[in-house]
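Comments concern the structure below.
The values are calculated or read from the model by the stated rules, or taken from the named source; none is laboratory data. Quick caveat: nothing in here was measured; it's all calculated off a predicted structure. Here the Cβ is made from the backbone with ideal geometry for all residues, glycine too, and neighbour counts use every protein chain on show.
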Amino acid sequence: MKNIRNKQAQEKDEFPVGKKGFAVCSGCDAVYHKKSWHHEEKFADKIEGIRKEAGSVICPACEREKNDLCEGFVVLIDIPEEKMQEVFNLIQNVGEKAIKNDILSRITKMEERDGDIYICTTENQLAVSLGKQIQKAFKGEVDTNWSGRDGIARVTWRYPAPKHGK
Ligand SMILES: [Zn+2]
């Protein structure tokens, strides 16, 4: 399956497109056109027609989400309870901007456990950017690890400990 897809990608469209050269993701309504994915608003007037003729396709971001594959992991550690909402809001903002810029760039998972937040992203760059923006807002140290050749980014950030004497 993978080989066939890769071979096709070099020559022509990676996804089965309809007569007019469009496809729609059945998961998120992203529109595939000219070898890239777009927000459906751009094609709002065409979308029903596209859906009818192009059949069911799934975009790479939905595919990753479905298979629980992350290209970026972010772990935020030791967040004080009173800061949790603020941190969540920032993550949400970053996530909304990311998908607006690139429909395939998404936060697919966000989980809080005992004051730590675990985040999964479809693009490694989004994980890196999330780490940077968290650090900018709350200080502390960000540690980014690239694991081998697979391009997976693991970003760790710890809420800065209060200075002594305060
Ligand atoms: Zn999708």
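Miscellaneous remarks
- Only residues that are part of a helix (DSSP H, G or I) and touching a Leu at 6+ places or on another chain (Cβ under 8 Å) were counted across the stretch 121-136, and they come to 2.
- Lone qualifier among G148, G165 - being surrounded by fewer than 16 Cβ atoms within 10 Å (Cβ to Cβ), modelled with pLDDT under 95 and not assigned by TED's automatic domain parsing to the domain that holds I77: G165
Residues are listed down the side, and each one gets a yes or a no for (1) in contact with a helix residue (DSSP H, G or I) (Cβ under 7 Å, 6 or more places away or on another chain); (2) modelled with pLDDT of 95 or more; (3) under 30 Å from Y32 (Cβ atoms):
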| residue | (1), (2), (3) |
| --- | --- |
| I79 | yes, yes, no |
| E86 | no, yes, no |
| Q92 | no, yes, yes |
| K97 | no, yes, yes |
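- Members of the stretch 52-73 that are more than 19 Å from the chain's Cα centre (by Cα) and either farther than 19 Å from E14 by Cβ or away from the ligand (no atom under 13 Å from the Cβ) (or both): K52, E53, A54, G55
- If you go through the stretch 118-160 and keep only what is farther than 22 Å from N67 by Cα and without any contact (Cβ under 8 Å) to a residue 40 or more places away in the chain, you end up with S129, K132, Q135, K136, K139, G140, E141, V142, D143, T144, N145, P160.
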